[in-house]
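Here's the structure, in structure tokens; my notes come after.
The values are calculated or read from the model by the stated rules, or taken from the named source; none is laboratory data. Predicted model, so just to flag it, every value in this text is computed and none were measured. So basically every Cβ, Gly included, is an ideal-geometry build from the backbone, and we count neighbours across all protein chains shown. These accessible areas exclude ligands, DNA and RNA; they are computed on the full protein's heavy atoms, side chains included. Shrake-Rupley method; radii C 1.70, N 1.55, O 1.52, S 1.80 Å.
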Amino acid sequence: MIKINVIGKECPIPLNEFRKALRKAKVGEIIEIVGTHELSKGEIALAADETGQEILEIDEKNGVWRIVVKKVR
């Protein structure tokens, strides 16, 4: 599993970090990204969907969101 902590970081950093992790990940590997920038949450989910990855989970608690993605291609 690749874990990315971008709490307190604003765009484009969270999205760029997700994209870097996606390039490094092998097919079947899980990427978990945690952050606080609300716009980044939507952008990361959109990027995962547009590249055909499987979004396993999106949740948010106390202003901190977490997205879990499985690389499928």
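With every protein chain present, what is the per residue accessible area of the chain (1.4 Å probe, Å²)?
61
If contacts are Cα pairs under 8 angstrom and at least 6 residues apart, what is the relative contact order of the stretch 2-70 in percent?
After rounding, I find 34 percent.
Cα extents of the stretch 31-72 along the three principal axes, largest first, in whole Å?
Principal extents (Cα only, largest first): 30, 16, 11 Å.
In the neighborhood of VAL68, defined by Cβ-to-Cβ distances under 11 Å, what is the net charge if each Lys or Arg adds +1 and each Asp or Glu adds -1?
Residues close to VAL68 contribute a combined charge of -1.
Residues in the stretch 1-32 near a label at GLU43, defined as backbone nitrogen under 13 Å from the 7 Å Cα→Cβ point?
What the label zone holds, given the 13 Å backbone N cut-off, is 9-20.
Report the net charge of residues surrounding THR36, where surrounding means a beta-carbon distance below 14 angstrom and charges are Lys +1, Arg +1, Asp -1, Glu -1.
Around THR36, the surrounding residues sum to -2.
Whole-Hz Karplus ³J(HN,Hα) for the stretch 6-16, in order, using 6.51 cos²θ - 1.76 cosθ + 1.60 and θ = phi - 60°, x for Gly and Pro?
10, 4, x, 9, 10, 4, x, 4, x, 5, 4
Would you mind computing Rg(Cα) / (2.2 N^0.38 Å) for the chain, counting N as its residues?
0.97
So how strong a dipole does the stretch 2-70 carry about its Cα centre when Lys and Arg Cβ are +1 and Asp and Glu Cβ are -1, to the nearest 20 debye?
Computed about the Cα centre, the dipole is about 360 debye.
Tell me, what % of the accessible area of the stretch 2-70 is carbon and sulfur with a 1.4 angstrom probe?
51
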